[in-house]
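The next block holds one structure in the form of structure tokens; read it before the comments.
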Amino acid sequence: MSARLLSTVAALAAMAALTACGQTTRTTDTSAGPVAPNPAPIQTEQLLGPMGSYETYVYRHLATLRPQLATLQQDLAANNASAAKRDWQKARISWLQIGQDDQQYGAFGNLGGAIDGLAAGLKGGAHSAAFTGFHRVEYDLYTSHNLHAAQADTAKLRSLVSQMTPQTVTKDLALTPKSLDTWVLRCHEILEDALRDSLSRNDDYGSHMELASVSADVTATREMLSVLGPLIQPRMPGLLSTAARQLRTIDARIKAAHGGTAARERLNASVSAALETLAPVSEVIQITNANT
Amino acid sequence: MSDTDRRNFLRRAGIVGAGALGAGALSGQADSANLLADGAPQNQAGADPAATLPAVPFHGTHQAGILTPRQPAGAWVAFDVTADTRQQLTDLFKAITNEVRFLTAGGVRPDPHGTFAPPTDSGTLGTDVPADGLTATLGVGASLFDHRFGLAAYRPRRLQAMTPFPNDNLDPARTGGDLLLQLCAGSQDTVLHALRQITRVTRGGMQIRWCEDGFASPARPTGVPRNHFAFKDGIANPLPDAAPQLLWAAASEPAWTRGGTYHVVRIIQMFTEFWDRVSTQEQQQMIGRNRDSGAPLDGSKETDTPHYGADPAGNVIPLTAHIRVANPRTAKTEKERIYRRGYNYDRGVDLNGNLDMGLLFNAFCQDLDRQYIAIQNRLVGEPMVDYISPVGGGYFFALPGVRDKSDHFAAGLLTLSSGAR
């Protein structure tokens, strides 16, 4: 046996020993690669540019959303339930693409919760007056079939969305190190929410549009990775390409997910795999001593 | 019993070296020596799988299963009463009492009809039923005090239906109930045998509303057992000598409640996949303890007391950390402390393919409003809520103990006249 082969055998044996000692072996598809050695610490200033880009993205979607809600209001005034459902879904997707869902993680504060909260934590549940926003209108349209209520609740929703001005958005996306770190969490939290609440139908009030919701969540996740990409790339060189591939897999499996249990399992698996890849981002892109 | 056995049982019960329940806590009136194991712990490698725990005395001022060290296996079963009259309700409580009296003592069940009828015992524990440390702790929910049985005037003052906290996702089918039976024992087959026998002798009188199994993990490697988030859970329980102030029904409650206590059950799903995607540092900031040792982040071992006064800005233990919000350790919050007796649960897989695991939060306290509800209101919005979802449970009043052979569950309540106080 040649010396070279011997050293290869030794290396393989060492790898085997490592594995036996608890070295993690993952499904190939979830490998995002290692963190680059000694990644440069992140300074607050480095996140200001990405945050500015994200804010622009938010305003662009709000500009799309507002006329969609006006159309929904007209549908309801015309007592047209099927048009109202169609236009509610369009508006819903515009909102989800912003990257806020079900008031998780406190994005956009109490206003975000009023626009997109669930009934679950409220005394009286769906009958509570505090149950407002997208899901309230969804409940009116798809569960209680009460177009009259939907009209009033849509007016309320429009009023809430109109409060999403640069002033209020900037307040909730404050540029302190702590809140910037919280914002970076969205790289994985938007998709965590898709898995936890949308794919489980935990946030469904009758529209059954979880596949379209997950698709919107993927769009929002892409936006986060795009604006943070320049910071991620040198620190985790393998992550962006792996994540991009995995998000494309989710897209493809959403299209195929109407085919029953096996197709749904494949979709769940692809979302879970992407989440494993995204988990380290918020640790790597973290402002030092931000806990103040 | 040898010291080793005693220690093993205590460890298995999660109380060695912790500020949790001391030996003096054992079952109020019980002779504590009787509680300790005669067999090796089931979870210990090489243990005799047939070993069972000794009997826990059933009769006493207080029910067992409250200050009793955690047995390894448990089930929480809520029932809706289907009896129509006060007499039928009384018969129901008598039937439960008699069955529990037999099961907690163990023995060979008489079969008076011989081969002419189905056997009186399911036989899943063999003919000679072992007590195996079984405790059956019975509580009543607020709904029992409605119009049906003329009990409205006697409802314990703090007893109420569980309404959702803001981060809750309570499923009505897994929330509330007229009665709650907590069954705990040395192993799961003992628990399930008891459940089968008790439901068998009470058919027609009550129906199961929801049922959750739980298990107490062994110490890993020492001290208080860990929950599914890997953190040691239940470290800061009050000592049993505080029970008159923190546990047993207060003098301001109706007289029949003496010796009873409020029982809180919360079925808290824990998103373990998501949790496993969080760094240890972040996990510790959320909880306020070191994941490995269980020590508060300003200490070195799990029994250390956190010193929040020395860390007013939360630089070491964040102001939002679970242990800091739940128990700020101030003079004012001292009277809020509760007796936790939690179990882990595992109930398969969720609709989205995630594991359905969690904590069977299980606690006892003297005053629901002053203690549990005050603590939980403070915990609303804590960082950990993203990783958990309370999906069910209920508030109950664990009845006074059954004093002797002539007594039965709720006797003091059911003999009160309808309508009068």
Over 23 Å (Cα to Cα) - which of A:Lys85/A:Lys156; A:Lys85/A:Lys123; A:Lys85/A:Lys255; A:Lys123/B:Lys332; A:Lys90/A:Lys255 fall in this group: A:Lys85/A:Lys123; A:Lys123/B:Lys332
Counting every C-alpha pair in the range A:56-95, the percent lying more than 17 Å apart is 27
Give me the orientation-averaged projected area of the Cα convex hull of the range A:43-284, in nm², one decimal. 12.8
Among B:Tyr345, B:Tyr387, B:Tyr372, whose mean-square fluctuation peaks in a Gaussian network model of chain B (Cα, cutoff 10 Å)? B:Tyr387
Take the alpha-carbon centre of the range A:163-213, take the same for the range B:161-203, and report the distance between them in whole Å. 35
Relative to a virtual label point 7 Å from the Cα of B:Glu282 in the Cα→beta-carbon direction, which members of the range B:313-336 show backbone nitrogen distances below 14 Å? none
Neighbour counts of other C-beta atoms within 10 Å: give me B:Leu297, A:Leu72 arranged from fewest to most. B:Leu297, A:Leu72
Just to confirm the number: angle between the C-alpha axis of helix B:86-105 and the first principal axis of chain B, 0 to 90 degrees, nearest 10? 70
Tensor-based shape of the range B:253-398 (alpha-carbon gyration tensor, a/c under 1.5 rounded, otherwise prolate or oblate): oblate
Which residue fluctuates the most in chain B, going by a Gaussian network model with Cα springs under 10 Å, if the choices are B:Ile373, B:Ile268, B:Ile96? B:Ile373
What lysines does B:Lys94 reach when the alpha-carbon gap must be under 18 Å and sequence neighbours fewer than 8 apart in one chain are set aside? B:Lys405
Given the DSSP H assignment, sum -39500 (n - 2.57) over each helix run of at least 4 residues in the protein assembly as shown and divide by its residue total; what's the result at 222 nm in deg cm²/dmol, nearest 500? -11500 deg cm²/dmol
Averaging the inverse of every distinct alpha carbon separation and then flipping it gives the Kirkwood radius. What is it for chain B, in angstrom units? 22.1
Note on chain B: contact order normalised by length, alpha-carbon pairs under 8 Å, 6 or more apart, percent, works out to 24
Packing-ranked peptide list from B:193-204, B:301-312, B:226-237, highest mean Cβ count within 10 angstrom first, is B:226-237, B:193-204, B:301-312
With everything on Cα atoms, drop me the angle between helix B:188-200 and the longest principal axis of chain B, reported from 0 to 90° to the nearest 10. 40
Using the alpha carbons of the protein assembly as shown, what is the convex hull volume per residue in cubic angstrom, as a whole number? 218
Proximal lysines to B:Lys232, defined as alpha-carbon separation beneath 20 angstrom and excluding residues fewer than eight positions away on the same chain: B:Lys301
Residue exposure sequence - B:Cys184, B:Cys211 - by fewest surrounding Cβ within 10 Å: B:Cys211, B:Cys184
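No lab work stands behind these numbers, since they all come straight from the coordinates. Everything numeric here is computed off the predicted structure, so don't read it as measured data. Glycine gets a Cβ as well: all are built from the backbone with ideal geometry, and neighbour counts include every protein chain shown.
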